[in-house]
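Working notes for the structure below.
The values are calculated or read from the model by the stated rules, or taken from the named source; none is laboratory data. Since the model is a prediction, treat every value here as computed from it, not as a measurement. Please note: Cβ atoms are built from the backbone with ideal geometry, for glycine as well, and neighbour counts cover all protein chains shown.
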Amino acid sequence: MQQLPKLSARTQETLRGAKNLLAYSAGSDSNALFYTLLSYGIEFDIALVNYKTRKESDAEESYAKELAKRFNKQCFTLTCKLENQNFEHFARVKRYEFFEQIMQQHHYKNLLTAHHLNDRLEWFFMQLGKGAGLVEMLGFEEIQEKNDYFIIRPFLETSKEEIELFLHVNNIKHFLDSSNEANRYKRNHIRHHYANSFLKEYKAGILQSFQYLQEDVQRLKPKTKLHLKKLYILLRNEDDLLNIRGIDKVVKQLGYLLSKAQREEILRAKDCVIGKKIVVSFDEEYIFLAPFSKTKMEKNFKELCRINKIPQKIRPYLVDAGISPSEVRKLLS
């Protein structure tokens, strides 16, 4: 393959010998990643969601199945129709629900997506326009840990221009998504009016800046002290900004998105239930998070929780998960 996009040593090490699933769309980016992985000798299968929104949708699904058969890959597909209102949001939710279901059922370790440097810059501009902080503006990471798997984005230092050159030089078939041209989507507006031209002019500097910023953001991210089943324990920081960032990250892993009002309530109350789904409880040293439960506890279990200083709202989940209070306290000691 000529003009082959480069995969970092870190990504190659993570993918080799692991069970990998490629989020595939039959478009330019995922096709480029498909053939790049083949060229590097990395094993993978593919998964595609057909939203039935365009006349090409069925042809793309057929091509995905044909390509998988040709290269001896498994191909998982889902067909679904969504309402037009807030389509991008619900499409993403449905897509990742499908991917995670496959990951769990077939024991894949890594989910690969074809997000590239242009996507990363678009996201940065979008978050900048919303008034976000550094952690939020750098939402894309090359390797991102989830609950039971990793999301790998091998093309984050590869531009769209390089991807298109690779496809053209090697005459690789791909489909064009007409929705990428519609300016009614905010991302497309930023892409066409700001990001693409800016990247074309300043690519080297943008790459260097992202590398520096990624190093900085790692210092700002709170670390999880304990992750046991769906119980998370964070070290409590004097800076509530760091606390809420850590809480927000864990809550996302538990499948929930916090509103601004909920973030404020968490920091005000320090002990609350969010959306009737997730408990967040602070003590002097730690922040405990777990799914909300109303399971009844025996008197002896309650006493053990008290002795081991387990927050009251967290205790019922320990019963559900089969976690002993002494086990939690031992890990914290």
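I'm trying to understand the selection: among the residues of the range 282-333, which are aliphatic (A, V, I, L, M), farther than 17 Å from Leu228 by Cα and either in contact with a Pro (Cβ under 7 Å, 6 or more places away or on another chain) or surrounded by 12 or more Cβ atoms within 10 Å (Cβ to Cβ) (or both)? Within the range 282-333, Met297, Leu304 meet the criteria. Those strands (runs of 3 or more DSSP E) of the range 44-162 in which 3 or more residues are crowded, with 16+ Cβ neighbours inside 10 Å occupy 45-50, 75-79, 110-112, 150-152. With respect to the conditions (1) exposed (fewer than 15 other Cβ atoms within 10 Å of the Cβ); (2) touching a His at 6+ places or on another chain (Cβ under 9 Å), Lys19 lacks only one, and its number is (1). Might you check whether a residue that is within 25 Å of Gln144 (Cβ to Cβ) and modelled with pLDDT under 95 occurs anywhere in the range 295-310? Within the range 295-310, not a single residue is within 25 Å of Gln144 (Cβ to Cβ) and modelled with pLDDT under 95. Working only within the range 48-101, note down all residues that are touching a strand residue (DSSP E or B) at 6+ places or on another chain (Cβ under 8 Å) and of a type in the set (S, T, N, Q). Result: Asn50, Ser57, Gln74, Thr77, Thr79. Are any residues in the range 81-116 hydrophobic (A, V, I, L, M, F, W, C) and more than 16 Å from the chain's Cα centre (by Cα), and if so, which ones? Passing the criteria: Leu82, Phe87.
On inspection, Ser326 qualifies as part of a helix (DSSP H, G or I) and polar (S, T, N, Q). Is it the case that some residue within the range 255-268 is surrounded by 16 or more Cβ atoms within 10 Å (Cβ to Cβ), part of a loop (DSSP other than H, G, I, E, B), of a type in the set (A, V, I, L, M) and not assigned by TED's automatic domain parsing to the domain that holds Val93? Looking through the range 255-268, at least one residue is surrounded by 16 or more Cβ atoms within 10 Å (Cβ to Cβ), part of a loop (DSSP other than H, G, I, E, B), of a type in the set (A, V, I, L, M) and not assigned by TED's automatic domain parsing to the domain that holds Val93.
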